[in-house]
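The values are calculated or read from the model by the stated rules, or taken from the named source; none is laboratory data. All figures in this text were calculated on a predicted structure; none of them were measured in a lab. Note: ideal-geometry Cβ built from the backbone for every residue, glycine included; neighbour counts use all protein chains shown.
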Amino acid sequence: MKKLLGAIATFLTLSFTSQAQDYMSINYSFNKGEQFELEQKSRTETYTTINEAQQRVTRDYNNIITIDITDVIPGKATLTFRYKELRFNFNAKNQNIFVDAKVSKPDEPFQAGLQKLLNQPFTVELQSTGVITKIDGLDNLLDNATAAFSTLKKDEQEAYKKLMKDQFGSDAFRAWLEQLLIMYPAHGIKTGTQWEESVPLRGGLIGRIDLYWNLQTWDTQTAKIGGTSKINTDKVQTLTLEDDIKATAEISGTTSSNYLVMRSSGMPSICVQNTEMNGNYTYKVNKAKGIKRDLKVPVKVVTNASYKIKQMK
């Protein structure tokens, strides 16, 4: 009888251990003083068709950002971001703006603006689940940077300010960070587990993004996670496009993502993302812009991005 009870106890222990090993817990876990470096490479191409003529706008980013862990309390951390390198290329309507914030380019005002962002700190408050609760200081940095446009004509100033805000303001920064950083579930997960969150669209379009993730494989150090998102705009809300055009947007799309995650911190060491959106803008009547009636404008947006994050200390 004792041998039988011992065998049953051993079996139950092994069974429980095996089941426990099937699950892992993961969240963002930092220590004050740690530092990470994020490399971003991305290109967004926007195609619009107006009166059967197609127009293309491209935006390229090639940035390196340092991330210092400056405060840690249970369930939350403060991350201090600084642009270490900042390269941006904007091409639209036969106008090309290429800037490297480290290189002097007196004939390009946007370069002087971006130069003021280099090595300037702003903070992100991040919950251990990956929810961003606050971004502080970035919009103030942009306000200071737009002083570089003060000698331009008023309409040029406004155009540069809008370009700066649309590409580098808090809403734009938060939008891509929310898609880069996985939001983890509070419970343990195992291979095949799927979970989801929903966040507002930010940085121009108005609507929602439904985010879905699934755990593919994992070991003691890393985890491979796949992600998808469904993007839908609010078709009745009015927004402001380039050239101060008012419009509504009926656009939908998807993003596919692949992550290799460092389990020790929860940060993705590698992330590759591809997004495609299609739909229509409806430009509202604006006689000053030559729009005599509401005009439906087909639009397609394609973004390919890759990110690398490595721990420096």
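Here are the numbers for this structure:
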{"read-out": "Failed item in (1) on the phi > 0 side of the Ramachandran plot; (2) touching a residue at least 24 places away in the same chain (Cβ under 8 Å), with residue 64 passing the rest", "value": "(1)"}
{"read-out": "Test: residue in segment 27-45 that is over 19 Å from residue 135 (Cα atoms) and either aromatic (Phe, Trp, Tyr) or at pLDDT below 80 (or both)", "value": "no"}
{"read-out": "Residues satisfying the stated conditions in segment 99-144, i.e. of a type in the set (Asp, Glu) and farther than 21 Å from residue 85 by Cβ", "value": "107, 125, 136, 139, 143"}
{"read-out": "Residue 279 being surrounded by 15 or more Cβ atoms within 10 Å (Cβ to Cβ), at positive phi and in contact with a strand residue (DSSP E or B) (Cβ under 8 Å, 6 or more places away or on another chain)", "value": "yes"}
{"read-out": "Within segment 89-98, tally of residues that are closer than 25 Å to residue 174 by Cβ and either surrounded by fewer than 15 Cβ atoms within 10 Å (Cβ to Cβ) or at pLDDT below 85 (or both)", "value": "3"}
{"read-out": "Residue selected from segment 113-140 under the condition surrounded by 18 or more Cβ atoms within 10 Å (Cβ to Cβ) and of a type in the set (A, V, I, L, M, F, W, C), by the criterion nearest to residue 90 (Cα to Cα)", "value": "114"}
{"read-out": "Some residue of segment 76-86 being in a strand (DSSP E or B), among the polar types (S, T, N, Q) and modelled with pLDDT under 95", "value": "no"}
{"read-out": "Test: residue 105 is under 30 Å from residue 197 (Cβ atoms) and either more than 23 Å from the chain's Cα centre (by Cα) or free of Cβ contacts under 8 Å to residues at least 12 places away in the same chain (or both)", "value": "no"}
{"read-out": "Residue list for segment 163-209, filter: in a helix (DSSP H, G or I) and basic (Lys, Arg)", "value": "165, 174"}
{"read-out": "Single match in 296, 230, 300 (criterion: in contact with an Asp or Glu (Cβ under 8 Å, 6 or more places away or on another chain) and surrounded by fewer than 17 Cβ atoms within 10 Å (Cβ to Cβ))", "value": "230"}
{"read-out": "Candidate set from segment 249-261 (those that are surrounded by fewer than 19 Cβ atoms within 10 Å (Cβ to Cβ) and of a type outside the set (D, E, K, R)); member that is nearest to residue 310 (Cα to Cα)", "value": "260"}
{"read-out": "Condition check for residue 127: at pLDDT 85 or above and either under 21 Å from the mean Cα position of the chain (by Cα) or among the aromatic types (Phe, Trp, Tyr) (or both)", "value": "yes"}
{"read-out": "Candidates 229, 265 - the one that is part of a strand (DSSP E or B) and touching a strand residue (DSSP E or B) at 6+ places or on another chain (Cβ under 8 Å)", "value": "229"}
{"read-out": "Test result for residue 238, of a type in the set (Val, Ile, Thr) and either closer than 26 Å to residue 123 by Cβ or surrounded by 17 or more Cβ atoms within 10 Å (Cβ to Cβ) (or both)", "value": "no"}
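For (1) aliphatic (A, V, I, L, M); (2) in contact (Cβ under 8 Å) with a residue 60 or more places away in the chain, each residue gets a yes or a no:
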| site | (1), (2) |
| --- | --- |
| 274 | no, no |
| 277 | yes, no |
| 282 | no, no |
| 285 | yes, no |
| 294 | no, no |
| 306 | no, yes |
| 309 | yes, yes |
| 312 | yes, yes |
